[in-house]
Amino acid sequence: MVKRDEWSSRAVERDRPVIVRRALPTEPAVRGSASLFMTEAERQGVRADRRMLHVGPEPAGPYVAEALRIEPGTDVLARRKLLLANDVPVRIATSYLRLDLFGGTPLAEPDFVKPSLQAGIEALGHRFGWAEERLIARPPVGSEPDTLELEDGEWVVEILRMSRSIEDVPIHALETICAASRHIFPIAQVTGADEF
């Protein structure tokens, strides 16, 4: 666990801002890019990087199982990466894909999918129809404090994005764990609406 004064000195040493924006919903110009995070960070003047942490099968937890319409504990393809802003870990993003749809495909290969995961899913014949996102603020669990270099008592914001195809088939669940103190979440409404 990183202590507050140690983390602060690291921030000064690295000379970097630690606040990044994560727009909800994601702007269409960003959504169509090869990397949402890299595009977001570049637009904010932040040096971004990403590291693949894991690619392979793992059991689906309850929220992922619900999003993909499978039984909890069923193996899914997980693609987990760490996202950094000016060398500061800010997010853990894990894509979950149904093995019956994507097992044995190029999406199951290690490293990043070129040009993007979304393009890889569409290349396999799936067209995105709609998505829904759910945000939960909570204390970190498991390896999250160490991976994100969280301060004692710092919380995370968990975002679960559930994507369906135009045929209403659940094709992608994206779980993003954000260091809460390093993010701002601007939330926009559709054009012409001002209802809250």
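A few notes on this one:
- Within the range 109-196, the GluC sites (Glu not before Pro) that combine a DSSP coil assignment with at most 11 other C-beta atoms in a 10 angstrom radius are Glu167, Glu195.
- Remark: spin-label model distance Trp155-Ala188 equals 2.6 nm, labels positioned 7 Å along the Cα→Cβ axis.
- The range 87-196 - percent of accessible surface contributed by carbon and sulfur, probe 1.4 Å: 55 percent
- The range 71-133 and the range 168-182 have their alpha-carbon centroids 10 Å apart.
- Among 113-121, 81-89, the peptide with the highest mean count of other Cβ atoms within 10 Å heads the list, and the full ranking is 81-89, 113-121.
- Dipole moment magnitude, nearest 20 debye, the range 45-196 about Cα centre, only Lys, Arg, Asp, Glu C-beta charged: 420 debye
- Heavy-atom accessible area per residue - the range 91-196, 1.4 Å, Å²: 51 Å²
The values are calculated or read from the model by the stated rules, or taken from the named source; none is laboratory data. The structure presented is a predicted model; accordingly, all values stated were derived computationally and were not measured. Cβ atoms come from the backbone with ideal geometry, glycine included; neighbour counts cover every protein chain shown. Calculation scope for accessible area: heavy atoms of the full protein, side chains included, ligands and nucleic acids excluded. Shrake-Rupley method; radii C 1.70, N 1.55, O 1.52, S 1.80 Å.
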